[in-house]
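Quick notes on the structure that follows.
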Amino acid sequence: MSEPILKVEDLRKSFGGVVATDNLNFDVMPGEIHAVIGPNGAGKTTFVAQIAGMLSSDSGKIVFNGQEIANKTAPERSHLGLARSFQITSVFKDFTALENVALSIQAHAGHSFRFWKRASTDTSLTEPAQKILDEVGLGGRARTLAGNLAHGQQRQLEIAMALATGPKMLLLDEPTAGMGTEESENMRKFLNELKGEYSILLIEHDMDTVFSVADRVTVLVYGRGIATGTPEEIRNNAEVRAAYLGEDEVTTGA
Amino acid sequence: MLSRLKIWILMVSFLLLAALPFFAEAIDEPFYVDLMARVMIFSIAAMSLDFILGYGAMISFGHALYLGLGAYAVGVLAFYEVTNGWTQLIVCVLGTAFISMVLGLISLRTNGIYFIMITFALAQMFYFLGISLEAFGGDDGLPIDSRSEFFEAFDLNETWNMYYLILGTLTVTAVVLWKAINSRFGMVVRGSHSNDDRMKAIGFPTLKYRLVAFMIAGVVCGLAGFLLGNLTEFLTPEYMHWFRSGELMIMVMVGGMGTLFGPLFGAFAYIMLEDLLSNFTEYWQFYFGPLLILLVLFAKRGLWGMLPGKEDMSDE
């Protein structure tokens, strides 16, 4: 068995009296999709923010690719190969889809203290960006302003921007948020394509998605991981059912 | 990408400015040369403010500080009989770069209203420092006896030389800032305006880039101050008063925030209106206010934004 690419030990974060992350232990193996589910307020967003470096942790260890990263800034973690997408779509609305992705490429192409050459026609940025847009199925919308894309396309662009940083691991925060049935179905297909190629920590609300793409699932309740296992194990776990899953949701899960 | 119409307007404006001294001499109204020289100086200052305000969402309410610092570089050195233009210029650039770096490191830790207040407060500190410096005239100001000396053959005491130096500086800074805005550096500044968290998540340590943008704006505005000191041959802490900072913001808004060239026309409109209205009344701002309100309500993107043509790379 190989080493996990991400290993979280005894991670804690509290806001005043509220414990958002409560001595959490968690890991992601290379090439797997490890999903984190939990009811609203379970601390999923806090957890992602701690891993990505947007929030500092009170205590605990985060080891990524053999390196302790708990004290590193978000940009530093990005350069180590950790990429995230956002639950609330965070694309640059005034830039074209192509410019959005090119910006991710630019961030990993050396420093940006370059003041003269026009960036939006720089083929060393736009060509790889176009390739990634093609991969996620947005190739035809490259020159559309991100703000004018349909919601589902903006969600795809979210992931394209993460992919363009050349990551070793993806942190996907509810990629299907706000999506219709058909869009969700496409996203599931896409996630299955990414599987194996990337290690993925998937935060997701949509149970169909979780049970059809995840290799392992961790259930988070009040900042504590109450169970980890295969989708099948989680589906049949009595404690999880009681804490979180409604009976009908479980039985209709794909 | 500028539309064809906008490129035409810029070229025609440039030619008109270049021809103005000839025209003014022909009709024997040298006053216009002086007026347009002032307009161009404030154009440079307003453009430098737009560089951070319009593109970087750094709403500096103390930008006139650098106008004052530039003028002090000329005036104080001239007071000590250092009239060599190159020396004065180096002191001006290094001085404004250093001060904007220190103030940027303090103020860029904040955002929104806090950033506005902190830049306001820091600039006012320098204003009161200027007032307390009796050696340089305090709040009465100090005449600058001699303009900067660059070349024997290019004596700035000649009105035309002064005018063309200002036009040249305006042209060069406009081109350089436009290039910078569209470069990789500019993309980082604009991206952090739009969504700083996302910029950090894709790997940009944005503070560094924002600080450098803040310093560029400070130095360019310092150059405007350098020219202002030379043009007016007078040094006064009034140059860095918050009222001046407010005027610069108005010029940016009137011209169009985040358009870079708009503020050139914003400065022109503001100074011309001031000149025109103050012919009628001492309380010209009373009439200027409503005009500003109309503009903000009905043309949020300013004069430049009213022109047709998009600025981005999109197909739609």
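Using a Cα-Cα cut-off of under 23 Å, which lysines could be cross-linked to A:K44, ignoring same-chain neighbours fewer than 8 residues away? In chain and number order, the partners are A:K7, A:K13, A:K61, A:K72, A:K168, A:K195, B:K200. Looking at the protein assembly as shown alone, DSSP beta bridges between its own residues are antiparallel in about 55 percent of cases. Multiplying the residue separation of A:K131 and A:H79 by 0.36 nm and subtracting their alpha-carbon distance yields 16.7 nm. Scanning chain B for trypsin sites (Lys or Arg not before Pro) in DSSP loops with at most 13 neighbouring Cβ atoms within 10 Å leaves B:110-299 as the longest stretch between them. Close amide H contacts of A:L6 (hydrogens built in the peptide plane, cut-off under 5 Å, sequence separation of 5 or more or a different chain): A:V28, A:N65. Shielding of peptide B:177-184 by partners, expressed as the average count of other chain Cβ atoms within 10 Å per residue Cβ, is 6. Inter-chain Cβ neighbour count for B:135-144, averaged per residue, equals 0 (cutoff 10 Å, partner chain atoms only).
Would you kindly state the longest site-free stretch of chain A, with sites defined as chymotrypsin sites (Phe, Trp or Tyr not before Pro) in a DSSP loop (not H, G, I, E, B) surrounded by at most 16 other Cβ atoms within 10 Å? In short, A:1-112. In summary, the aspartates and glutamates within cross-link reach of B:K179, defined as a Cα separation below 19 angstrom excluding same-chain residues under 8 places away, comprise A:D94, A:E99, A:D122, B:D50, B:E311, B:D312.
Put simply, the amide H of A:L55, placed in the peptide plane, has neighbours under 5 Å in A:Q50, leaving out anything fewer than 5 places away on its chain. Among B:I44, B:I7, a tally of other beta-carbon atoms within 10 Å of each Cβ gives an order, fewest to most, of B:I7, B:I44.
Report note on the peptides A:230-237, B:95-102: ranked by the mean count of other C-beta atoms within 10 Å, highest first, their order is B:95-102, A:230-237.
Sorting B:Y80, B:Y283 from the fewest to the most surrounding beta carbons within 10 angstrom yields B:Y80, B:Y283.
Subtracting the Cα-Cα distance of B:R4 and B:A19 from 0.36 nm times their residue separation leaves 3.1 nm of extension gain. Annotation for B:E158 and B:M101: the two label points, set 7 Å from Cα along the Cα-Cβ direction, are 3.8 nm apart. In plain terms, the residue of A:K117, A:K195 with the fewest other Cβ atoms within 10 Å comes first and the most crowded comes last, giving A:K117, A:K195. Among residues other than B:H241 with Cβ under 12 Å from its Cβ, the summed charge is -2 (Lys and Arg +1, Asp and Glu -1).
Let me make sure I get this right: for the range B:51-195, a, b and c are the square roots of the gyration tensor eigenvalues over alpha carbons, sorted descending. Under 1.5 in a/c it's rounded, otherwise prolate if a/b > b/c, else oblate. Which is it? Taking the square roots of the gyration eigenvalues as a ≥ b ≥ c, the range B:51-195 is oblate.
Taken together, the values in this text are just the output of simple stated rules run on the coordinates, not laboratory data. Values in this document were obtained by computation on a predicted structure and should not be read as measured data. Please note: Cβ atoms are built from the backbone with ideal geometry, for glycine as well, and neighbour counts cover all protein chains shown.
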